[in-house]
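Inspection log for the structure reproduced underneath, given as structure tokens.
Since every read-out is calculated from the coordinates, none of them should be taken as a lab result. Bear in mind that the values here come from a model prediction, so they are computed numbers and not experimental data. FYI the Cβ positions are ideal-geometry reconstructions off the backbone, even for glycines, and counts take in every protein chain you see.
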Amino acid sequence: MKIVSKIAGLEHPTGVSTGLVPTMGGFHEGHLQLMRTARSESDRVVVSLFVNPTQFAAGEDFERYPRDFERDRALAEQVGVDVLFAPETSEVYPRVATTVHVPVVTKLWEGAVRPHHFEGVATVVCKLFNMVQPSVAYFGWKDLQQCLVIRRMTEDLNLPVQLSFEPTVRETDGLAMSSRNVYLTQEERRLAPLIFEQLSASKRAIGVGANTTEAIDEVLRRASDALDAAGFRVDYFDLIDLENAHPTRKASIPSAIIVAARLGKTRLIDNVLM
């Protein structure tokens, strides 16, 4: 596996397909599954490892975000990655520069709770697409709104890359894998799977007949209240469409139930597709 830290060191071989897996490191099985999928579908696999400062607001966890380059390098090599692109911040952002703003799909949820977050995400992903020039880029549905933002950006800017969104990888108890799970205390880790339990219960309830606005509202309210009662602080728990990421009460259209909740000092996000 080749390690590249400079944009100029990235190669663009002709006649081969390149799969890109953008990451911020702290690799877990979810990341590795994306890499394996890219490996099975692409001639060449590039993984970017860059903790992007522009998607963190003041007071968020940029400084303490999990970083272990040697561990991540070894894991990427084990699954057959060809190139690990690990640039310094000054390489990606040599100056205060142009940014990418994606309207509509960024208005609510994470976009409302974390202003400018998605501008940072869209900007760095657009830059990575231009730097690496992949055939396909792989993302996990766990960060559902992020996927919708990247899809909209790619469509609107006519970027020549195919997107592959892969299923959320979970622990055996249902907790969505995330680099930030290491922040959880032992007791918080025991409680954390309640998020997926409430998502799953809500999906079942809506799927078997809670199909009016009032009924769906009640299902979502009960789930949110159950998390609050267990010690979570819920930012949102709602049913959204997969086009504009706006609330919907029509489970018959492409949609998902999304949640963000704080447990102690850790903020967890998750979703289930309807």
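A few points about this structure:
- The residues of region 156-213 that are charged (D, E, K, R) and in a helix (DSSP H, G or I), listed by number, are Asp156, Arg180, Glu187, Glu188, Arg189, Arg190, Glu197, Lys203, Arg204.
- Failed criterion for Gly120 (all others in (1) of a type in the set (Gly, Ala, Ser); (2) farther than 24 Å from Arg39 by Cβ; (3) touching a strand residue (DSSP E or B) at 6+ places or on another chain (Cβ under 8 Å) hold): (3)
- Scanning region 100-145 for residues that are loosely packed, with under 14 Cβ neighbours inside 10 Å and free of Cβ contacts under 8 Å to residues at least 60 places away in the same chain yields His101, Pro103, Ala112, Pro115, Asn130.
- Qualifying residue in region 235-244 (condition: touching a residue at least 12 places away in the same chain (Cβ under 8 Å) and over 25 Å from Val105 (Cβ atoms)): no
- Total residues in region 46-63, condition touching a residue at least 12 places away in the same chain (Cβ under 8 Å) and more than 20 Å from Lys142 (Cβ to Cβ): 4
- The condition (being crowded, with 20+ Cβ neighbours inside 10 Å, over 22 Å from the mean Cα position of the chain (by Cα) and not in a strand (DSSP E or B)) is satisfied by just one residue among Ala223, Ala251: Ala223.
- Matching residues in region 30-85 - criterion: being part of a helix (DSSP H, G or I) and among the hydroxyl-bearing types (Ser, Thr, Tyr): Thr37, Ser40, Thr54
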